[in-house]
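What follows is one structure encoded as structure tokens, with my remarks underneath.
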Amino acid sequence: MERARARDRVKASRGSYKTKEEKQKAKMEKSQIWLAFGVLALLLASATADDVVVLTEDNFEKEVGQDRGALVEFYAPWCGHCKKLAPEYEKLGSSFKKAKSVLIGKVDCDEHKSVCSKYGVQGYPTIQWFPKGSLEPKKYEGPRTAEALAEFVNTEGGTNVKIATLPSSVVVLNADNFDEVVLDETKDVLVEFYAPWCGHCKNLAPTYEKVALAFKMEEDVVIANLDADKHKDLAEKYGVSGYPTLKFFPKNNKAGEDYNGGRGLDDFVSFINEKCGTSRDGKGQLTSKAGILSSLDALVKDFVAANNDEKKTVFSKIEQEVEKLKGSSERYGKIYLKAAKSCLEKGADYPKKEIERLQRILDKSISPAKADEFTLKKNILSTFM
């Protein structure tokens with residue numbers, strides 16, 4: 001109805017202009033009306049875009065207890081167990097996205113205390129099933145994995161949905177490929193020795209997958225695992241007596257060294273960055289430190305401070321230093337050279353303008369390889385400002 005009124009207002013404005021100014025004003029009003037509709041449409045789309053439906057005090061009874069069954073997670077943002085469940089629950093939501101007879105939802109109990117209190121929530125996460133047409137829940141007491149939750153929902157909701165599985169980024173080791181992968185002196189390799197029946201191993205699995213995904217673009221870094229229950233001889237060879245055991249095999253020490261750090265994503269990422277000289281975050285994106293070479297810091301500062309004639313002399317010194325670099329440092333050094341040459345040719349404003357251009361590209365949806373390339377350039381250009 002509101003849309004029809006808006007159309008009427010637009011129609012009423014047509015053909016009734018007395019001056020050029022009135023005509024322009026009418027055009028602006030029309031644009032504002034359609035802009036408002038566009039924003040509203042965008043908000044509505046984003047509200048329903050998530051695979052897990054966000055439930056609140058306002059919409060809970062509009063979504064739950066209606067014409068479909070609902071599995072609801074009552075959680076708190078600070079809860080450790082909730083954080084651990086989150087990727088499994090998202091996987092569940094994604095898998096049931098097209099199941100019209102089932103809703104997968106969640107409630108933030110810090111924000112919507114009255115809803116959680118109404119349904120007897122006393123700890124987090126609490127997972128409850130609401131049958132179709134009912135607000136009388138049944139508490140879920142099973143394992144907190146996507147597969148177990150899906151089995152429960154299928155039983156209660158009469159569906160037959162399978163959990164969507166993504167290809168793993170963890171390299172699976174066995175007796176045939178262990179030496180080839182782990183003892184490769186061109187690779188830094190982290191190995192998890194696990195047993196299929198081990199509870200701690202199952203808890204670690206989703207985090208370990210994220211670690212592998214974060215370093216997928218690093219050719220010299222391998223995140224691998226070995227079923228030590230199946231390959232007991234290999235486990236014994238490396239002194240494995242409990243599960244999971246994590247060992248790091250750097251390029252320069254193929255005897256292996258124990259990993260005794262934390263088992264959170266950030267712990268693993270920090271460890272690998274420190275040991276392997278990488279600069280990734282938990283999402284696999286390059287950090288602002290990626291590509292920066294401390295050996296060139298002083299020369300770059302001299303280059304920036306020099307006048308035009310002196311810059312050419314400093315450029316030659318940078319060139320000489322880059323020729324000494326090896327491996328990934330050699331690649332970064334070439335970016336330094338290209339940046340310095342562009343500054344000589346295009347002036348002191350070049351780094352700022354080019355960084356802004358690269359950031360505009362990075363803000364778009366581009367391939368991981370291109371994102372790495374542009375981030376490295378942006379980071380190195382920042383040293384010339």
Give the residues of region 119-132 that are over 15 Å from Leu103 (Cα atoms), in contact (Cβ under 8 Å) with a residue 12 or more places away in the chain, out of contact with any Leu (no Cβ under 8 Å at 6 or more places or on another chain) and in a loop (DSSP other than H, G, I, E, B), sorted by residue number.
-> Tyr119, Val121, Tyr124
Go through region 149-183 and give me each residue that's crowded, with 16+ Cβ neighbours inside 10 Å and within 15 Å of Lys232 (Cα to Cα).
-> Leu173, Phe178
Using beta carbons and a limit of 8 Å, which pairs, at least six apart or on different chains, have the first residue in region 54-72 and on the phi > 0 side of the Ramachandran plot and the second one part of a loop (DSSP other than H, G, I, E, B)?
-> Gly65/Gly133; Gly65/Ser134; Gly65/Leu135
With Leu135, Leu103 as the choices, which residue is touching a residue at least 60 places away in the same chain (Cβ under 8 Å) and either among the hydrophobic types (A, V, I, L, M, F, W, C) or in contact with a His (Cβ under 9 Å, 6 or more places away or on another chain) (or both)?
-> Leu135
Which ones in region 154-183 are over 27 Å from the mean Cα position of the chain (by Cα) and either free of Cβ contacts under 8 Å to residues at least 12 places away in the same chain or over 22 Å from Ala195 (Cβ atoms) (or both)?
-> Asn154, Thr155, Glu156, Gly157, Gly158, Thr159, Asn160, Asp176, Asn177, Asp179, Glu180, Leu183
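When you go through Lys312, Lys254 one by one, which is the residue that is more than 27 Å from Ala228 (Cα to Cα), open to solvent by 20 Å² or more (accessible area, probe 1.4 Å) and in contact (Cβ under 8 Å) with a residue 12 or more places away in the chain?
Going through Lys312, Lys254 in turn, the sole match is Lys312.
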Is it true that some residue in region 262-270 is in contact (Cβ under 8 Å) with a residue 60 or more places away in the chain, in a helix (DSSP H, G or I) and acidic (Asp, Glu)?
-> no
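Residue-by-condition table, conditions (1) within 22 Å of Ile223 (Cα to Cα); (2) in contact with a Lys or Arg (Cβ under 9 Å, 6 or more places away or on another chain); (3) not aromatic (Phe, Trp, Tyr):
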| position | (1), (2), (3) |
| --- | --- |
| Arg280 | yes, no, yes |
| Ala290 | yes, yes, yes |
| Lys311 | no, no, yes |
| Leu325 | no, yes, yes |
| Arg331 | no, no, yes |
| Ile335 | no, yes, yes |
| Glu345 | no, no, yes |
| Arg357 | no, no, yes |
| Asp363 | no, no, yes |
In this structure, does Asn273 turn out to be within 30 Å of Lys352 (Cβ to Cβ) and surrounded by fewer than 15 Cβ atoms within 10 Å (Cβ to Cβ)?
-> no
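Working only within region 106-118, note down all residues that are surrounded by fewer than 20 Cβ atoms within 10 Å (Cβ to Cβ) and either touching a residue at least 24 places away in the same chain (Cβ under 8 Å) or not assigned by the TED database to the domain that holds Asp58 (or both).
Of everything in region 106-118, those that are surrounded by fewer than 20 Cβ atoms within 10 Å (Cβ to Cβ) and either touching a residue at least 24 places away in the same chain (Cβ under 8 Å) or not assigned by the TED database to the domain that holds Asp58 (or both) turn out to be Asp108, Asp110, Glu111, His112, Ser114.
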Residue hits (region 352-368; open to solvent by less than 80 Å² (accessible area, probe 1.4 Å) and not in a helix (DSSP H, G or I)) are Ile366, Ser367
Taking only region 245-274 into account, find how many residues are closer than 21 Å to Lys216 by Cβ and touching a strand residue (DSSP E or B) at 6+ places or on another chain (Cβ under 9 Å).
-> 14
Please determine, by comparing only the residues of region 92-105 that are in a loop (DSSP other than H, G, I, E, B) and buried (at least 17 other Cβ atoms within 10 Å of the Cβ), which one is nearest to the chain's Cα centre (by Cα).
-> Phe96
How many residues, within region 369-385, are part of a helix (DSSP H, G or I), under 19 Å from Ala298 (Cα atoms) and at pLDDT below 95?
-> 0
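Name the residues in region 184-220 that are open to solvent by 20 Å² or more (accessible area, probe 1.4 Å) and outside any helix (DSSP H, G or I), would you?
Correct list: Asp184, Glu185, Thr186, Lys187, Tyr194, Pro196, Trp197, Lys216, Met217, Glu218, Glu219, Asp220.
Please enumerate the residues belonging to region 73-91 that are open to solvent by less than 60 Å² (accessible area, probe 1.4 Å) and not acidic (Asp, Glu).
Phe74, Tyr75, Ala76, Cys79, Gly80, Cys82, Leu85, Ala86, Pro87, Tyr89
The values are calculated or read from the model by the stated rules, or taken from the named source; none is laboratory data. No experiment lies behind these values; they were computed from the predicted model shown. No Cβ is skipped: glycine too gets one built from the backbone with ideal geometry, and neighbour counts run over all protein chains shown. Quick note on the areas: whole protein, heavy atoms, side chains included, nothing else; ligands and nucleic acids left out. Shrake-Rupley method; radii C 1.70, N 1.55, O 1.52, S 1.80 Å.
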